[in-house]
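The structure appears right after this line, and notes come after that.
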Amino acid sequence: MPPRQRMEKIKNLKNMIKIHIILCALQFMIASNRKITNHQNNQKTNQLLHIARSQVGVREATGKNDGPAVEQYLAYTGNQKGEAWCASFVSWVFGQAGYASPRTAWSPSLFPKARLVALGKPAMVFGIYFPDKGRIAHAGIVEKVKDAWVTTIEGNTNMAGSRDGDGVYRKLRHTKTISCYADWINMEGGKK
């Protein structure tokens, strides 16, 4: 092989080695970034669930959407004592975790199309559709999912799972009773 061809071949080989090194470095960086992102998402989820769990056991003072904690949830969304508060509770929990949104007392607005996801996961918001209302009329936070069952933490419910209850409860709901899920952690619009 003539020296010129040999030099050209060596040059090409060196370039291929450089490209290979660069690609390996990029793969390593992407994998590391995924690990960091997953860790951050787990931290956000754990923080939000810790706040929600701390509220389990809160009860209304007189059964009329009142009491110190309930009124705090309502005030967070600009609402008054006596108004329905399941969505205010969800919003308050996210607010305590440092999120600017959601911030609403209207449960249907917890489910904009851009936030909808097919499957529930911990720290996502779930919604229940009520045919008599023609809309999502109750919402809460997913704590965990196992098979066809979802453990939730939700406000303005009761032991029976009503949408007009007396406190913050941990509930076990079948996936067939849940209409939709929204992800307010892992999409744009999260932290302040």
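Structure data summary
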| read-out | value |
| --- | --- |
| Residues satisfying the stated conditions in region 74-100, i.e. open to solvent by less than 30 Å² (accessible area, probe 1.4 Å) and closer than 23 Å to ILE178 by Cα | TRP85, CYS86, ALA87, SER88, PHE89, VAL90, SER91, TRP92, VAL93, PHE94 |
| Check on VAL142, surrounded by 21 or more Cβ atoms within 10 Å (Cβ to Cβ) and either at pLDDT below 95 or in contact with a strand residue (DSSP E or B) (Cβ under 8 Å, 6 or more places away or on another chain) (or both) | yes |
| Conditions (1) without any contact (Cβ under 8 Å) to a residue 60 or more places away in the chain; (2) within 12 Å of the chain's Cα centre (by Cα): number failed by GLY127 | (2) |
| Search result, residues across region 110-137 that are open to solvent by less than 10 Å² (accessible area, probe 1.4 Å) and either in a strand (DSSP E or B) or farther than 16 Å from TRP85 by Cβ (or both) | ALA123, VAL125, PHE126, GLY127, ALA137 |
| Selection status of ILE51, of a type in the set (A, V, I, L, M, F, W, C), part of a helix (DSSP H, G or I), open to solvent by 10 Å² or more (accessible area, probe 1.4 Å) and closer than 18 Å to LYS171 by Cβ | yes |
| Some residue of region 1-10 being open to solvent by 100 Å² or more (accessible area, probe 1.4 Å), in contact with a helix residue (DSSP H, G or I) (Cβ under 8 Å, 6 or more places away or on another chain), at pLDDT 65 or above and over 30 Å from LYS121 (Cα atoms) | yes |
| When residues of region 150-161 are limited to those that are out of contact with any strand residue (DSSP E or B) (no Cβ under 6 Å at 6 or more places or on another chain) and surrounded by 12 or more Cβ atoms within 10 Å (Cβ to Cβ), the one modelled with the highest pLDDT | ASN156 |
| Qualifying residue in region 90-104 (condition: in a loop (DSSP other than H, G, I, E, B) and at positive phi) | yes |
| Pair list, Cβ under 8 Å, 6 or more apart: region 143-159 residue over 22 Å from TRP106 (Cα atoms), other residue assigned to a strand (DSSP E or B) and of a type in the set (Ser, Thr, Tyr) | LYS144/THR151; VAL145/THR151; MET159/TYR169 |
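The values are calculated or read from the model by the stated rules, or taken from the named source; none is laboratory data. Computed from a prediction, not measured in an experiment: that's the story for all the values here. Every residue, glycine as well, gets a Cβ built from its backbone with ideal geometry; the counts of neighbours run over all protein chains shown. Areas reflect the complete protein model, heavy atoms only, side chains present, ligands, DNA and RNA absent. Shrake-Rupley method; radii C 1.70, N 1.55, O 1.52, S 1.80 Å.
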